[in-house]
Amino acid sequence: DAGVTQSPTHLIKTRGQHVTLRCSPISGHKSVSWYQQVLGQGPQFIFQYYEKEERGRGNFPDRFSARQFPNYSSELNVNALLLGDSALYLCASSPSGTFIADTQYFGPGTRLTVL
Amino acid sequence: AQSVTQLGSHVSVSEGALVLLRCNYSSSVPPYLFWYVQYPNQGLQLLLKYTSAATLVKGINGFEAEFKKSETSFHLTKPSAHMSDAAEYFCAVSEKTGANNLFFGTGTRLTVIP
């Protein structure tokens, strides 16, 4: 079975632009979470979606938004890009959004560079 | 909010030596605890997790971790390091209520010396 897939793998943008990152969860998984990993740090939680509804949001500005589609894939959108948004963006899927100890399975990430 | 402290951003061990990576959490209520490994240019892979069952948790690739409530610790160990263990290791916690988002430590880079 395919794991979590993310696209694109790399992306270069300039300040002020907008970016959309995409994630396809493992087949059968209904929950998708997004994390930002700045170089040299651990991942930071951005959003969790379950059954197309937002179930959790981390401490990120409103420039960050996300949505989940009926097929459980997800998009992360970032507006008005700043240099500080340069990071590896990780998507994780889990079977449900209700069992707290569910294992989260991570994709390879999208490396975003903002110039 | 939960927080996790990983002592030692870099750890070097010789091949065949004991691996010990430290993790302490801050919470009055024991959370769920996880160890993930990240190889270069890859996502994170779960090594093991603690969910209030046995305090000694065995994971993949010969790793194990022991939950010690009195010390608020969840240190990761492996008896004998292998070259393929060289990677970045992250300890993470999740709260027992709300969304199942993970709070990660800053990571420990493990180097294995031949």
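The values are calculated or read from the model by the stated rules, or taken from the named source; none is laboratory data. Keep in mind that what you see is a predicted model, and the values were worked out from it rather than measured. Here the Cβ positions follow ideal geometry from the backbone for every residue, glycine too, while neighbour counts run over all protein chains shown. Side chains are part of the model used for accessible areas, which takes the heavy atoms of the whole protein and leaves out ligands, DNA and RNA. Shrake-Rupley method; radii C 1.70, N 1.55, O 1.52, S 1.80 Å.
Summary table below
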| read-out | value |
| --- | --- |
| The stretch A:1-37 - residue that is touching a residue at least 40 places away in the same chain (Cβ under 8 Å), among the aliphatic types (A, V, I, L, M) and part of a loop (DSSP other than H, G, I, E, B) and, of those, least open to solvent (accessible area, probe 1.4 Å) | A:Val4 |
| Residue selected from the stretch B:20-62 under the condition open to solvent by 80 Å² or more (accessible area, probe 1.4 Å) and assigned to a loop (DSSP other than H, G, I, E, B), by the criterion farthest from the other protein chains (Cβ to nearest Cβ) | B:Ser28 |
| Matching residues in the stretch A:99-115 - criterion: being modelled with pLDDT under 95 and more than 8 Å from chain B (Cβ to nearest Cβ) | none |
| Residue match in the stretch A:72-93 (condition: free of Cβ contacts under 8 Å to residues at least 60 places away in the same chain, at negative phi and open to solvent by 70 Å² or more (accessible area, probe 1.4 Å)) | no |
| Residue identified as assigned to a loop (DSSP other than H, G, I, E, B), in contact with a strand residue (DSSP E or B) (Cβ under 6 Å, 6 or more places away or on another chain) and away from every other protein chain (no Cβ under 14 Å) among B:Ala17, B:Ala81, B:Ala65 | B:Ala81 |
| Condition broken by A:Gly42, with the remaining ones in (1) in a strand (DSSP E or B); (2) without any contact (Cβ under 8 Å) to a residue 60 or more places away in the chain; (3) not charged (D, E, K, R) satisfied | (1) |
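Listed here are the residues, each with its yes/no results for (1) in contact with a strand residue (DSSP E or B) (Cβ under 6 Å, 6 or more places away or on another chain); (2) of a type in the set (A, V, I, L, M).
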{"position": "B:Asn41", "(1), (2)": "no, no"}
{"position": "B:Gln45", "(1), (2)": "yes, no"}
{"position": "B:Leu56", "(1), (2)": "yes, yes"}
{"position": "B:Phe90", "(1), (2)": "yes, no"}
